[in-house]
Amino acid sequence: MAAKEGILMNLLEVKKVSMHFGGLAALTDVSFELKKQEILGLIGPNGAGKTTMFNVINGFYPPTKGDVYLRGQKISKLKPHAICKLGVSRTFQVVKPLQRMSVLDNVIASAFLRKKNKVLAEETALEVLKFTNLYDDRNIVSKGLPLGKRKRLEIARALATLPEIILLDESFAGLNPTEINEQIEIVKKIRTARGITILIIEHHMKVIMSISDRIVVLNYGQKIAEGTPHEIGHNPSVIEAYLGEEHGA
């Protein structure tokens, strides 16, 4: 029984995934697991393959080799909309809201994935906007939002699909210290208040070290380390490839 419970703990499994673009290997034999209600950080230098990994997980790219499993079901060949319906949503590094639509209508559009009519979709959208502290901005046209709120709107749109897993791609990039602190609290609440499992790409090391349970490190498309924030912060290979000697000191 214990073994079966251990297997169920792995909500998402990436098994020996490689992704080639012509002769370029963006990912090579990468494997890791994401446990239920865990926050797993994915870090590495620019070009390490982090966003490519997100694109493989959520179906934008079928992997050249290897497979991705959700609750034990292979999802590697499914399209993004099918994977989203199974419970995996994501944000994007470059935020792209529906610029001529209001904040509320942006989130309603995402809520239609689960809800059959506008009344139910709007009910979900309003709840999500309150959760992400965007309720007071609900009637603003989204292109008028500052970057920090556009980042939060990206998260709100993902949450409106009622996911079990959310992939956050640099949700803290470009934010000021006050916005970073508010975003940290929202990300923590996504796990604690909604029970959602999180895989997050982030270059802001104070953020990733403070919110992650475990961290996977990629470099040149290969996994070079995996462990707790403390273990990663003191790993010589990670310090050399990414963090720098100042961090190790």
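Quick note: the coordinates plus some simple rules give every number you see, no bench work behind them. Source: prediction; values computed, not measured. Virtual Cβ from ideal backbone geometry, glycine too; neighbours counted across all protein chains shown.
Side notes on the structure shown:
- Among beta bridges identified by DSSP and lying wholly in the chain, the antiparallel ones come to about 55 percent.
- Among Met209, Met53, the order by Cβ neighbours within 10 angstrom, fewest to most, reads Met209, Met53.
- Overall form of segment 75-114 per C-alpha gyration tensor (a/c, 1.5; a/b vs b/c): oblate
- Under 14 Å, Cβ to Cβ, from Gly221 - net charge with Lys/Arg +1 and Asp/Glu -1: +3
- Among Lys50, Lys36, a tally of other beta-carbon atoms within 10 Å of each Cβ gives an order, fewest to most, of Lys36, Lys50.
- Extension gain for the segment Glu240 to Lys188, taken as residue separation times 0.36 nm less the Cα-Cα distance, is 15.8 nm to one decimal.
- Relative contact order computed over the chain (Cα-Cα under 8 Å; 6+ residues apart), in percent: 25 percent
- Equivalent-ellipsoid semi-axes for segment 24-85 (Cα gyration tensor, √(5λ), whole Å, largest first): 18, 16, 11.
- Histogram of C-alpha separations across the chain, 10 Å bin width, %: 7, 31, 36, 21, 5, 0
- What the Cβ-Cβ distance of Ala25 and Val141 gives, at R0 = 41 Å and to the nearest 0.05, is a FRET efficiency of 0.45.
- Helix axis angle, 147-159 relative to the chain longest principal axis, alpha carbon, degrees: 90 degrees
- The antiparallel fraction among DSSP beta bridges confined to segment 112-249 stands at about 50%.
- Contact order for segment 160-241, expressed relative to its length and based on alpha carbon pairs under 8 Å spaced 6+ residues apart, stands at 25 percent.
- Over segment 70-190, all Cα pairs binned in 10 Å intervals from 0 give whole-percent P(r) values of 14, 45, 32, 8, 0, listed from short to long.
- Enclosing the Cα atoms of segment 1-148 in their convex hull gives a volume equal to 158 cubic angstrom per residue.
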